[in-house]
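The values are calculated or read from the model by the stated rules, or taken from the named source; none is laboratory data. Keep in mind that this is a model prediction, so the values were computed, not measured. Here the Cβ positions follow ideal geometry from the backbone for every residue, glycine too, while neighbour counts run over all protein chains shown. Note: areas computed on protein heavy atoms with side chains; ligands, DNA, RNA excluded. Shrake-Rupley method; radii C 1.70, N 1.55, O 1.52, S 1.80 Å.
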Amino acid sequence: MAITTSPPTRLEKADKALSPFEDMANMLAALAIFLLMVLGVLQIVMRTVFNKPITGYIDLVELSMASMAFLGAAYCQRVGAHIRMELIVANLRGRALWAVEIFGTLVALFIIGVLIYYSAGHFWRSFTLGDTTIDAEFPVWPSKLLVPIAFSLWFLRLLVQLWGAIRLFVNPDLDTTGVVLIKEVAEQAQDEIHEVMGDSADEGGRS
């Protein structure tokens with residue numbers, strides 16, 4: 001007898017459609033950190049051995065900060081890696097839990113929305129004025145552009161989590177698609193191991 005499976009819901013489709021972009025942004029952030037480490041080693045070698053430091057090294061470090069700080073934010077939101085105050089939330093169950101999650105997500109959406117607006121303004125001002133770094137005069141706008149892009153991706157992830165939380169508030173018996181579940185430290189460590197190994201374990205407590 002053939003086993004039939006229900007078609008994915010719109011929430012599941014949205015969750016899966018967003019995940020590759022979050023993974024790519026997180027990978028770019030990791031790559032930026034790795035390249036900065038390589039650049040730091042080269043700077044030390046060039047300065048101490050050949051007495052020729054890399055031109056604009058400090059500027060490159062400053063420009064790389066945006067990618068390292070913000071590109072992985074949406075991925076961390078998806079897997080529940082951001083710092084959360086769970087002293088009260090951990091003791092809630094059912095609709096009370098999802099009501100608190102809805103409130104917290106709405107607050108986060110407001111804050112990230114404001115940051116998107118102002119960071120986009122900073123980018124546009126830098127782009128139109130031709131803003132550059134002081135030393136090597138590298139253009140600043142590409143680095144500033146990453147901020148509203150990363151925040152927009154984070155905003156979309158928060159929308160998915162809000163959708164999932166509202167869905168569970170209406171019916172707590174549904175599957176926990178799109179939301180982050182509170183797990184014990186040992187479970188979180190195990191999930192991180194599975195994530196690194198690339199197997200099929202749940203990401204950050206999501207079903």
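See the values below:
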{"read-out": "Matching option when the condition is part of a helix (DSSP H, G or I), under 22 Å from the mean Cα position of the chain (by Cα), among the aliphatic types (A, V, I, L, M) and crowded, with 17+ Cβ neighbours inside 10 Å, among 36, 11", "value": "11"}
{"read-out": "Hits in segment 107-124 (condition: open to solvent by 40 Å² or more (accessible area, probe 1.4 Å) and over 10 Å from residue 144 (Cα atoms))", "value": "107, 110, 111, 114, 115, 117, 118"}
{"read-out": "Selected residue (only one of 66, 81 is assigned to a helix (DSSP H, G or I), out of contact with any strand residue (DSSP E or B) (no Cβ under 6 Å at 6 or more places or on another chain) and of a type outside the set (Asp, Glu))", "value": "66"}
{"read-out": "Subset of segment 159-178 that is assigned to a loop (DSSP other than H, G, I, E, B) and farther than 14 Å from residue 105 by Cα - its residue that is most open to solvent (accessible area, probe 1.4 Å)", "value": "173"}
{"read-out": "Exclusive hit being in contact with a helix residue (DSSP H, G or I) (Cβ under 8 Å, 6 or more places away or on another chain), surrounded by fewer than 18 Cβ atoms within 10 Å (Cβ to Cβ), under 23 Å from residue 181 (Cα atoms) and not aromatic (Phe, Trp, Tyr), set 90, 136, 99", "value": "99"}
{"read-out": "Flag if residue 26 is free of Cβ contacts under 8 Å to residues at least 12 places away in the same chain and either of a type outside the set (Asp, Glu) or part of a helix (DSSP H, G or I) (or both)", "value": "no"}
